[in-house]
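*Asks:* Here it is, the structure in full.
The values are calculated or read from the model by the stated rules, or taken from the named source; none is laboratory data. All of these numbers come straight from a predicted model, not from anything done at the bench. As a convention, Cβ positions derive from the backbone with ideal geometry for all residues, glycine included, and neighbour counts pool all protein chains shown. The protein model used for the area step is the full one, side chains on, heavy atoms only, and it has no ligands, DNA or RNA in it. Shrake-Rupley method; radii C 1.70, N 1.55, O 1.52, S 1.80 Å.
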Amino acid sequence: MSSLAQPESKLIRLSIAGMRCAGCVSAVETALRSTPGVEAADVNFADHSAFVRGAASPEILRKSVQKAGYDAAVMETLDEPDGQEALEMQRYRTLLGKAGGAAALGVFLMLGEQLGLLPTLDAPTGGGIWALISLATLYVLWYSGGHFFRGALKSWKHRQANMDTLIALGTGAAWFYSTVAILFSGSLPLLARHAYFEAAAVILAFINLGGALELRARGRTSSAIRALIGLQPRTARVVRDGREIDIPIAEVGLGDILRVRPGEKIPVDGVVVEGHSAVDESMLTGEPIPIEKIVGDEVVCGTLNQSGTLLFRAIRIGRDTVLAQIIASVRRAQASKPEIARLADRISAVFVPVVVTLALLTFLAWWMVGPAPALGYAFVTAMTVLVIACPCALGLATPISIMMAVGRAAQSGILIRNGDALQSAGFLATVVLDKTGTVTEGRPRLASIEAAEGWSEEKVLQWAASLEAGSEHPLAAAILAGAEERELTLLPATGFAAVAGHGVSGLIENRAVLLGNLALMNQQNVNIGPFRGRLEALAGRGQTPVLLAANRVAVGLLSVADPIKADSKEAVAKLRSLGVKVLMVTGDNETTAKAVAEMAGIDEVRAQVLPQDKAAEIKALQANGEAVGMVGDGINDAPALAQANVGFAIGTGTDIAIESGDVVIMGGSLLKVAEAIVLSRATMRNIRQNLFGAFVYNVLAIPIAAGVLYPIFGLLLNPMIAGAAMALSSVTVVSNANRLRYIAR
């Protein structure tokens, strides 16, 4: 009996239309998460998008969002929807037009009243003129504020309240009260015969202007994503049937042979099959030095070919390229929410109903105990509370900073994969470093050559490399690379044999040659003579000594070492300056580990630790209450990376590395770990500034708007000033977040 196959879980990115505050975020998230088949949903107010994981189809998700009073459309993983930037510009211009229309009426009414050009409501000619003004204001409410009223109505249908509710109530009440005052001016107390049409118009002008400025500033936060998208060329030169043709990038297939000339970008991921060139990978890794590429090397989409012509075979295309994965990962990180963001969301979700309640209480208090005209004062204060309390700034405070920080990190070759990692990195007390490939380069190199009397360094290296030509040992690769650098010609070697754990043997020029460690020399009764005292000294410097013997006499000593990276010592010093303790944990022997640690400036070392035991070392540190970061190669250090509070995967931009850590250091430089910690601290400081500003703004503004200063100082907050302050608070939050773009690298 066969069972029905379960629908495959997938990640879908949606563009959400109609969101205007944090309350909208809560409503959309609730709608998506309650949809059958949805496992998780995160809505980002900063760029009006959502990431949804589950088996639900895009059409079902869209219907769920529409039922909540909004709209949604699927967005592509790599590229933005066609015309997205043009659409944003159109929205910006539309908001400016709405702000201008409302401002024109508002300024006309304010100047008319100030200069005495408008009659009073009870004047003989006042009724007709003010009736026309009422109709003009109604048109402005429709043109400049229609989207707020429609949003409020949708929210009301779903028993919700949001920013639109506050604006619609405030401006709608201003128009309604003013119109009633015109129609029944004779029935109202003298001091209550006042119209607030200018307040409604100016409030809409300020809010639309604030929305336009916010949209413009928000657009800058996506610049990192747009820059990454722009790295991929639109066409590629493919070799087919002996001819080279330019085709759209979407038509490149796996296995296609492509040519890239000097100054051109690599169109897809591939492996070089012909040619030699230097490739600038700084756009992805943040590393400024071009990387030499020869046959067999991988090239990555979006990087810039500099000097030579390359032919390469496509191995990853479309959404599978490293660039596409990086873009998708950055977007997911920008949409994810650290704990501090979830707190702001929970507060924002209940904020609007609380504000509406406060506005009603304010109205009742002024109506019951306020001075004459009590109704006028009650109306003005209630409207001011509604307008000034709009929680736009509160909803933007966290996501706008996260978007900016994650994008800024991506431009430096630091791939932050989730919001929690961004929050946690700044609180790390200890950073644990793997040795090979993290502190060191991970590629053994020939460090030194010493020759016995009658032999030269070149001859020692030539014989050693000739013997090692048939070996695949890492030490052999280092010796062969050293011979190639010196352009030495290898000699024919016969009778090659490997002695497990000790070295190799063979015949060169009819002489029995041995190459290996001290144990091999002792086993073969080789006289190592003057080299005996050098072995321990080399081992103490973290180098591996290799002896060369001919006819049982030592004739040379070579040493191979895995050198520390050029910036490892500087990176360790930088981490210490940040107050972070640095510890190296490695599976290597204690002598080598201590030598490497000394060169890198690391005081604490734990050697001969198996990969599976590294996680236990992390756990022991955490048991002491420390927040621990682990830096490893992203594959064999996976258990330790997972155990750490923040796992930093050192990688070269491969898809494996991208999936292995909370933070991926694309270029491999340890300095990026310190940079990520600095950026994390700056981001959390920025978020706290935004939240403090938004909370304090509302906490202080609402009582002032309600009139608490009136009994003492006779001060009341004008509704128009409230509208300007509300709009500017959002712009201030976005502008503050944009400062993260300039955090020093």
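*Asks:* Given the chain, what percent of its DSSP beta bridges are antiparallel, to the nearest 5?
*Replies:* Working: 75 of 94 bridges.
Among the beta bridges of the chain, antiparallel pairing accounts for roughly 80 percent.
*Asks:* Still on this structure, please answer the following. Of the listed peptides 524-536, 731-743, what is their order by residue-averaged count of other C-beta atoms within 10 Å, with the highest listed first? Can you show the working numbers first?
*Replies:* Details: 524-536: 14.0, 731-743: 19.5.
Ranked by mean Cβ neighbours within 10 Å, highest first: 731-743, 524-536.
*Asks:* Which percent of the accessible area of the range 230-275 is formed by carbon and sulfur heavy atoms (probe 1.4 angstrom)? Walk me through the numbers before you get to the answer.
*Replies:* Details: 1140 of 2340 Å².
Answer for the range 230-275: carbon and sulfur cover 49 percent of the accessible area.
*Asks:* Can you order the peptides 426-434, 34-42 by their average number of other Cβ atoms within 10 Å per residue, highest first? Can you show the working numbers first?
*Replies:* Values: 426-434: 22.8, 34-42: 16.1.
Descending packing order for the listed peptides: 426-434, 34-42.
*Asks:* I would also like to ask the following. Based on Cβ point charges of +1 for Lys and Arg and -1 for Asp and Glu, what charge dipole magnitude is obtained for the range 424-514 about its Cα centre, in debye rounded to the nearest 20?
*Replies:* Numbers: 6 positive and 12 negative charges, 49 e Å.
Computed about the Cα centre, the dipole is about 240 debye.
*Asks:* Here's a follow-up. Tell me the relative contact order for the chain as a rounded percent, counting alpha carbon contacts under 8 Å between residues six or more apart.
*Replies:* Numbers: 1502 pairs, mean separation 100.4, N = 745.
Normalised by residue count, the contact order of the chain is 13 percent.
*Asks:* Can you give me the % of accessible surface on the range 429-534 that is carbon or sulfur? Probe 1.4 Å, all protein chains present, nothing else counted.
*Replies:* Working: 2620 of 5400 Å².
Carbon with sulfur: 49 percent of the solvent-accessible area.
*Asks:* Also, I was wondering about something else. Mind checking which lysines have their Cα closer than 25 Å to the Cα of LYS293? Skip sequence neighbours fewer than 8 apart in that chain.
*Replies:* List returned: LYS265, LYS565, LYS672.
*Asks:* Using a 1.4 angstrom probe, figure out how much accessible area the range 449-577 has per residue, in square angstrom, rounded to the nearest whole.
*Replies:* Details: 6490 Å² over 129 residues.
Dividing the accessible area of the range 449-577 by its residue count gives 50 Å².
*Asks:* Right, next: For the range 490-580, build the charge dipole from Cβ charges (+1 Lys, Arg; -1 Asp, Glu) around the Cα centre, then report which of SER559, GLY540, VAL572 sits farthest towards its positive end.
*Replies:* VAL572
*Asks:* If you average the C-alpha positions of the range 294-330 and of the range 88-113 separately, how far apart do those two centres end up, in angstrom?
*Replies:* Centre-to-centre distance over Cα atoms comes out at 49 Å.
*Asks:* Something else now. If you line up the long axis of helix 84-114 against the longest principal axis of the chain, both from Cα atoms, how many degrees apart are they, to the nearest 10?
*Replies:* Approximately 30 degrees, to the nearest ten.
*Asks:* How far, in degrees from 0 to 90, does helix 568-577 lean away from the longest principal axis of the Cα atoms of the chain, to the nearest 10?
*Replies:* 40
*Asks:* Then there's this: If you fit an axis through the alpha-carbon atoms of helix 590-600 and take the longest principal axis of the Cα set of the chain, what angle between them do you get, 0 to 90°, nearest 10?
*Replies:* Between the helix axis and the principal axis of the chain, the angle is about 50 degrees.
*Asks:* Can you give me the % of accessible surface on the range 548-703 that is carbon or sulfur? Probe 1.4 Å, all protein chains present, nothing else counted. If you can, show how the numbers build up before the last one.
*Replies:* Numbers: 3360 of 6050 Å².
With neighbouring chains kept in place, the figure for the range 548-703 is 55 percent.
*Asks:* Let me ask something else. In terms of the Cα gyration tensor, with a ≥ b ≥ c the square roots of its eigenvalues, is the chain rounded because a/c is under 1.5, prolate because a/b exceeds b/c, or oblate?
*Replies:* Working: a/c = 3.37, a/b = 2.54, b/c = 1.33.
The shape class here is prolate.
*Asks:* Can you give me the distance in nm between label points at ASN522 and ARG62, each placed 7 Å from the Cα along the Cα-to-Cβ direction?
*Replies:* 7.7
*Asks:* Counting DSSP beta bridges with both partners in the range 441-577, what percentage is antiparallel, nearest 5?
*Replies:* Numbers: 27 of 28 bridges.
For the range 441-577, the DSSP antiparallel bridge percentage is about 95.
*Asks:* Another question, then. Determine the shape class of the range 469-572: with a ≥ b ≥ c the square roots of the Cα gyration tensor eigenvalues, call it rounded for a/c under 1.5, and otherwise prolate if a/b is greater than b/c, oblate otherwise. Display every interim value, and only then the final one.
*Replies:* On the way: a/c = 2.20, a/b = 1.43, b/c = 1.54.
Verdict is oblate for the range 469-572.
*Asks:* Take peptides 294-304, 375-385 and line them up by average Cβ neighbours within 10 Å, highest first, as a rough protection proxy. Present the calculation step by step, with values, prior to reporting the outcome.
*Replies:* Working: 294-304: 19.1, 375-385: 24.7.
Those peptides, ordered most packed to least, come out 375-385, 294-304.
*Asks:* For the range 583-642 and the range 394-435, what is the separation of their C-alpha centers, rounded to whole Å?
*Replies:* The range 583-642 and the range 394-435 have Cα centres spaced 22 Å from each other.
*Asks:* What is the local net charge at ARG332, summed over the other residues whose Cβ is closer than 9 Å to its Cβ (Lys, Arg +1; Asp, Glu -1)?
*Replies:* Result for the neighbourhood of ARG332: +2.
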